[in-house]
Amino acid sequence: MWKEIKVEKEINRIFDNLIQAETVFNLLDSNTHQVVPVVIKVLNLNSKEIILRPLHENDIFLFEDGSKFEFTNLRENIVFTTKARRIRSKLIYALCPRLTKLNEFRKNPRFSLVDRNDQLKVQNQSLISYQSGHKQYFEAQVIDLSETGMRLGISLLDNEKNKSLILPKSKIKLISLNGNEFAREILGRIVYYKKDEKKSEGNRSFYLLGIEAEGNHHFMEAILGNPLV
C-alpha cells in the first residue's frame, strides 16, 4: 500500500534517519536511464538541498546540471524524485523533494524476541574469504521476526572487512540458533542495515539488520518452531 507524505513537515526526521543509517539508494537519471548507487551525505536546510555522493569510491557522476532523478532504496519502499542544481564528479547538489512515497511491506505480524537474547549464526554466501577460501560467518541477536522477515542486532569492530559482512543484497544462510544447527536449509538476504549510535561505543558499532526470507523459506517456523529452541 503506497502513501505519500509531505517532506516539508518531517524533513529533519526523514533525512536524519536516512543519513544516519547510510541508506543506499539507486539513482535513476530520467534522460539517460543510467542507474548509480548513492547515499545522502548532507541535508542543508538553509538552501533546501540534499547532497549525495556515490556509494563506491571509484564511481563518478557524469550527469548534467538540471538532470531529473528518481531515487529508490534497496528495499524498494521509499521513492522520491528531485532535480539536480549542480553536479560535481563526486557530489550531486539536489533540491529536497516535496513528496516522498512510502510502501509498507510488512504484511505479516512481527514478534519481539529481544528479551530472549537468542543468538543466530549466519553465513554470508555472497562473500568469500580470499585468505581461507571459506564463506564468512557472523553471529547476531534476533530482535524481532515475522514469517518472512526479521531484524537482527550485531556489534562489530569498525573496519571495512567487518562491514562487508552485512552489506545489503547479500545472500545469507541461517546456520544455528543458540549453538543448535538447523536441520534444513533456511535462506534469506540482507535488505538494509542501520547503525544504532546509542548502542555503539569506542571502536565497536552496533547495527540493526533487516533480513528478508528467500523463496519459500519461513523464519517463524524455523526459529520459534525449531524443536531445538
Vicinal HN-Hα couplings computed from phi for the range 136-152 (Karplus, 6.51 cos²θ - 1.76 cosθ + 1.60; Hz; Gly/Pro x): 8, 10, 8, 10, 8, 7, 7, 8, 7, 7, 10, 4, 10, x, 7, 10, 10
Counting sequence-distant residues (5 or more places) and residues on other chains, those with an amide H built under 5 Å from that of Val42 are Ile51
Protection proxy ranking of 50-62, 211-223 - average other beta-carbon atoms within 10 Å, highest first: 211-223, 50-62
Across the range 31-46, in residue order, what do the Karplus-derived ³J(HN,Hα) couplings come to in whole Hz, using 6.51 cos²θ - 1.76 cosθ + 1.60 with θ = phi - 60° and x for Gly and Pro? 8, 8, 6, 6, 10, 9, x, 9, 10, 7, 8, 9, 10, 9, 5, 5
In nm, spacing of pseudo-spin labels at Glu64 and Lys161 (7 Å Cα→C-beta vector): 4.7
Expected vector for the range 174-187, Karplus 3J(HN,Hα) from phi with 6.51, -1.76, 1.60 and θ = phi - 60°, integer Hz, x for Gly and Pro, equals 7, 9, 7, 10, 6, x, 9, 6, 6, 6, 10, 6, 10, 10
Skipping prolines and chain starts, which residues have an amide H placed within reach, meaning under 5 Å, of the one on Asp196, given they are 5 or more residues away or on another chain? Phe206, Tyr207, Leu208
Amide H to amide H, which residues 5 or more places from Lys90 or on other chains are under 5 Å from it, using H placed in the peptide plane? Phe61
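Taking R0 as 25 Å, what FRET efficiency do you get between Gln125 and Glu22 from their Cβ-Cβ distance, rounded to the nearest 0.05?
Details: r = 23 Å, r/R0 = 0.91.
Using R0 = 25 Å, I get an efficiency of 0.65.
Over 23 Å between C-alpha atoms is what I'm after, so list which of Lys83/Lys195; Lys161/Lys195; Lys163/Lys198; Lys48/Lys163; Lys173/Lys198 land there. Write down the numbers at each step before the final one.
Details: Lys83/Lys195 29 Å; Lys161/Lys195 16 Å; Lys163/Lys198 18 Å; Lys48/Lys163 31 Å; Lys173/Lys198 29 Å.
Table pairs above 23 Å Cα-Cα are Lys83/Lys195; Lys48/Lys163; Lys173/Lys198.
Rule-based calculations on the coordinates, nothing more; no lab input. No experiment lies behind these values; they were computed from the predicted model shown. Cβ: placed from backbone, ideal geometry, glycine included. Neighbour counts: every protein chain shown.
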